[in-house]
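Working notes for the structure below.
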Amino acid sequence: MIKIEYLTCNAFQENTYVLYDDSKECLIIDPGVSNTYEETMLKRIIDENGLKPVGLVNTHCHIDHVLGNRFVADQYDLTLGIHEKDQVMLAGVEDRAKAWGIPYTTSPFPGYFLKEGEVLKFGESELEIRFVPGHAPGHVVFVCHAQGFVIAGDTLFQGSIGRTDLPYGDFETLDKAIRKELYSLPDQFVVYPGHGPSTTIGIEKRTNPFVRIA
């Protein structure tokens with residue numbers, strides 16, 4: 001069974017996720033750790049649970065989700081995985097960090113690409129990769145059908161959706177992708193977003209003011 005730990009990081013209050021199962025292998029998703037304290041807290045989650053990090057992936061490559069890529073890659077000798085279409089976002093993070101005055105240790109280049117429809121494996125567990133663009137051109141989510149949850153990044157939040165007024169954002173694209181890839185999941189599926197508290201597919205289908213199914 002997959003267990004989920006998360007750490008809220010950086011000035012953007014981004015959720016960094018650590019997923020692990022009985023094998024103790026773990027997957028680190030969207031490491032937003034931005035300072036020594038946050039790095040220590042992430043390391044504590046891993047050490048106190050006796051985990052072995054085997055995967056580093058980004059749902060997408062906006063600055064708040066990649067600030068800790070270099071730390072995690074170097075600390076645990078991991079190769080980064082992203083969707084191919086988000087390379088443009090990762091390449092632009094350094095300039096954005098300079099413009100905003102945010103300390104940033106350059107992320108490693110991706111060593112492989114996440115492809116929609118494929119399965120991401122760690123330990124005894126599997127996550128389906130789904131492509132949900134609109135907030136970012138190469139945004140993916142990770143669906144656990146066995147336990148009924150999705151790591152949704154910045155696609156669907158409690159009562160909101162990812163911003164589409166940023167470069168490469170598009171509301172119609174995100175709306176269509178949410179309806180196709182997320183609202184097609186069972187209502188009871190738990191949504192773990194990139195910011196804020198968890199929710200469920202059913203709650204958002206009924207009440208989300210941006211993408212609602214009457």
**Study point:** Whether the range 1-121 is rounded, prolate or oblate, judged on the alpha carbon gyration tensor where a/c under 1.5 counts as rounded
**Key:** oblate
Revision key, fill the gap. Taking the alpha-carbon centre of each part, the distance from the range 116-161 to the range 38-86 in Å is 16
Review point. How much mean residue ellipticity at 222 nm does the chain get from its helices, if each DSSP H run of length 4 or more adds -39500 (n - 2.57) and you divide by all residues, to the nearest 500 deg cm²/dmol?
Key: -7000 deg cm²/dmol
Review point. What percent does the relative contact order of the chain come to when contacts are Cα pairs within less than 8 Å and at least six residues apart?
Key: 16
Exercise for review: Name all residues of the range 130-169 having a backbone nitrogen under 15 Å from the label point set 7 Å from the Cα of Thr207 along its Cα→Cβ direction, giving them as ranges.
Suggested key: 157-161
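Take the cross-link list Lys176/Lys205; Lys121/Lys180; Lys121/Lys205 and give me the ones stretching past 25 Å between alpha-carbons.
Lys121/Lys205
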Study note, to complete from the structure: Here the percent of antiparallel bridges among DSSP beta bridges lying wholly in the chain, to the nearest 5, is 70
Point to revise | Computed label-point distance, nm, for sites Phe109 and Lys52 using a 7 Å Cα→Cβ extension | key: 3.0
Exercise for review: Let me know the charge dipole size of the range 3-207 about its Cα centre in debye, to the nearest 20, where only the beta-carbon of Lys, Arg (+1) and Asp, Glu (-1) is charged.
Suggested key: 240
Check your understanding: Taking amide hydrogens as modeled 1.01 Å from N in the peptide plane, which residues meet the under 5 Å criterion relative to Leu114, leaving out close sequence neighbours?
Key -> Ile82, His83, Glu84
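Among DSSP beta bridges whose residues both lie in the range 3-98, state the antiparallel percentage, nearest 5.
The answer is about 60 percent antiparallel.
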Practice item. Among the trypsin sites (Lys or Arg not before Pro) in the range 53-156, which ones are in a DSSP loop with at most 16 other Cβ atoms within 10 Å of the Cβ? Mind listing them? Key: Lys115
Check your understanding: Among Leu114, Leu174, Leu166, which one shows the biggest mean-square fluctuation in a GNM of the chain, springs joining Cα atoms closer than 10 Å?
Key -> Leu166
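Read-outs throughout are calculated quantities, based only on the coordinates presented, and are distinct from any laboratory measurement. Small disclaimer: the values here were computed from a predicted structure and weren't measured. Cβ: placed from backbone, ideal geometry, glycine included. Neighbour counts: every protein chain shown.
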